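Heads up: the structure comes next, in structure tokens.
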Amino acid sequence: MGTNQASVVPFKRTLRSLFKYRRAPLRGSIDTVHNGCCQGWALDSKSASPVEVELFIDGRSAGRALADLHRGDLEREGMGEGRHGFSVEIAATLRDGLHHRVEVRSRDGRVIAVREAMQIVPKLTPAEFDRCAPWVDGDDVGFERELARLRQTGAVDAEIETCVRFFREHGWLKLEQAVPHALIDKVLADVEQAWRDLPPQLVLSNALKAPTPMGEVAKVPGFRAASVRYLDFHNASDAAAEIMMLPAVLRFAEVCFGEKVAAMQTLLFENGTQQASHQDFAFVHSLRPACLMGAWVALEDARVDAGPLFYWDRSHRAVPKHAFEDGSVLAEGDGPHVRAFENYLENACRECGLQRLIFTPRKGDLLIWHSALVHGGMPRNDPVMTRRSIVSHYTTQDAYPYDRRDPNGRPLAITRNGGTYYGWRRQDHVEGRYPIVAPG
Ligand SMILES: O=C(O)CCC(=O)C(=O)O
């Protein structure tokens with residue numbers, strides 16, 4: 001019997017509309033992963049019973065809950081009494097600090113909501129944090145013993161020893177004229193070139209926008225002037241990669257960590273960030289959160305009205321670690337809990353009688369800071385004045401064996417000056433939306 005197209009099409013349509021009718025009532029969203037719980041809401045408007053949701057992380061089942069928690073926002077939106085919130089606890093073993101595809105499905109397997117690249121932060125108590133610290137942060141006896149050993153093996157000379165001792169005590173280290181001006185000029189020229197080419201992989205953010213491809217933000221009037229941060233500009237500029245992989249910084253980090261170094265990311269700024277006091281370890285995560293260092297390079301001479309960098313001398317050791325609600329020192333997402341953390345740090349630095357220093361470098365100067373050094377950006381008194389800088393974060397290769405943009409994929413590891421970083425794997429890469437390619 002031949003197929004009668006005329007009768008098949010309406011039949012398909014009927015099926016589709018039936019399908020739509022049956023599926024549409026199920027709605028919801030995944031809002032946050034906070035305090036080890038994935039939170040959101042789910043509603044089946046065709047049923048009076050709450051939806052039973054199942055959480056999937058990278059396709060694997062990670063827990064179930066009933067979406068029956070009260071949420072004022074849902075009630076205000078007219079969703080009955082607002083009893084549609086869920087909170088699924090994520091097992092400690094799955095909280096690895098990486099970014100994952102998170103999915104919520106109904107009990108019968110229908111997908112309610114999906115979030116790509118959600119970070120699932122591990123819980124780390126202050127004591128656990130201290131236990132993963134590198135030798136340079138250890139007790140005096142262990143520190144002196146290791147330093148003596150490194151001196152003996154020739155890994156540390158008198159100059160580096162002085163730097164290590166200063167860094168241990170103060171939490172920062174200044175290297176004057178560490179970056180050649182010609183290299184900086186190349187980076188700045190590459191920035192201008194990027195605005196002409198709009199490489200699809202390059203992602204920018206500012207206070208107005210979460211990370212967004214440059215091609216999209218280029219159309220937003222005034223976007224560039226609103227304190228832009230260029231994420232991983234080293235992947236668009238070989239000169240920026242050279243700055244991130246400066247031999248002097250890699251060598252210092254390798255000595256302090258006692259292991260081979262991985263550069264995790266770069267943030268290039270054209271304006272002062274005006275960031276509140278913070279400690280990087282809470283936000284920049286690896287498998288060993290206490291093994292972290294930042295390096296800030298001045299791409300131009302600092303000017304006081306442009307909102308220079310500030311840092312609290314010795315705060316890395318003096319300020320007791322702050323724990324969030326779940327007892328962890330690592331921050332998840334942004335929100336009031338982060339504002340409270342910033343206030344805590346500011347007050348703690350003052351109560352400890354620490355000195356706030358303002359970094360007013362010349363172009364090419366560099367400041368290395370400890371993972372726990374409290375720092376931030378001063379206010380921009382002149383809103384048009386630039387303050388160009390590039391920040392790189394470092395940890396060990398063992399603590400960062402993956403590319404955070406695709407933690408389950410095979411990273412494109414690039415070795416440079418004895419350290420490693422991860423390159424864009426594909427031309428169509430977009431930050432947070434790495435196309436997954438099968439290893440092979
Ligand atoms: O450059 C600044 O103003 C602050 C940068 C910063 O705090 C960071 O990258 O962690």
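The values are calculated or read from the model by the stated rules, or taken from the named source; none is laboratory data. Everything numeric here is computed off the predicted structure, so don't read it as measured data. No Cβ is skipped: glycine too gets one built from the backbone with ideal geometry, and neighbour counts run over all protein chains shown.
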Top-ranked residue in the range 345-359 [being assigned to a loop (DSSP other than H, G, I, E, B) and surrounded by 14 or more Cβ atoms within 10 Å (Cβ to Cβ); ranked as farthest from the ligand (Cβ to nearest atom)]: Cys352
Among the candidates Pro308, Pro336, residue that is under 25 Å from Arg380 (Cα atoms) and free of Cβ contacts under 8 Å to residues at least 12 places away in the same chain: Pro336
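Do you know which residues across the range 200-214 are free of Cβ contacts under 8 Å to residues at least 60 places away in the same chain, surrounded by fewer than 17 Cβ atoms within 10 Å (Cβ to Cβ) and under 16 Å from Asp232 (Cβ atoms)?
Correct list: Ala210 only.
Polar (S, T, N, Q), touching a helix residue (DSSP H, G or I) at 6+ places or on another chain (Cβ under 7 Å), within 23 Å of Ala207 (Cβ to Cβ) and in the same structural domain as Ser371 (by TED's automatic domain parsing): does that describe Ser315?
Details: polar (S, T, N, Q): yes; touching a helix residue (DSSP H, G or I) at 6+ places or on another chain (Cβ under 7 Å): yes; within 23 Å of Ala207 (Cβ to Cβ): no; in the same structural domain as Ser371 (by TED's automatic domain parsing): yes.
No: the conditions fail for Ser315.
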Unique residue being within 16 Å of the ligand (Cβ to nearest atom), of a type outside the set (Val, Ile, Thr) and touching a helix residue (DSSP H, G or I) at 6+ places or on another chain (Cβ under 9 Å) when the list is Ser237, Ser205, Ser227: Ser205
Tabulated pairs, the range 242-270, first part of a helix (DSSP H, G or I), second β-branched (Val, Ile, Thr) and within 16 Å of the ligand (Cβ to nearest atom), C-beta under 7 angstrom, 6+ apart or interchain: Ile243/Val179; Ile243/Val187; Ile243/Val297; Ile243/Ile390; Met244/Thr266; Val249/Ile368; Phe252/Ile368
Among residues of the range 144-167, those that are within 22 Å of Tyr311 (Cβ to Cβ) and crowded, with 16+ Cβ neighbours inside 10 Å, counted: 4
Failed item in (1) farther than 30 Å from Glu216 by Cβ; (2) at pLDDT 95 or above; (3) in contact with a Gly (Cβ under 9 Å, 6 or more places away or on another chain), with Gly377 passing the rest: (1)
Strands (runs of 3 or more DSSP E) contained entirely in the range 125-235, each with at least 2 residues that are farther than 20 Å from Arg387 by Cβ: 209-213
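Residue by residue, here is whether (1) buried (at least 22 other Cβ atoms within 10 Å of the Cβ); (2) modelled with pLDDT of 95 or more holds:
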residue	(1), (2)
Phe252	yes, yes
Gly258	no, yes
Arg314	no, yes
Pro320	no, yes
Glu325	no, no
Asn343	no, yes
Restricting the range 283-296 to residues that are within 11 Å of the ligand (Cβ to nearest atom) and modelled with pLDDT under 95, the residue that is surrounded by the most Cβ atoms within 10 Å (Cβ to Cβ): Val284
From Leu250, Leu309, Leu268, residue being within 11 Å of the ligand (Cβ to nearest atom) and more than 28 Å from Pro200 (Cβ to Cβ): Leu309
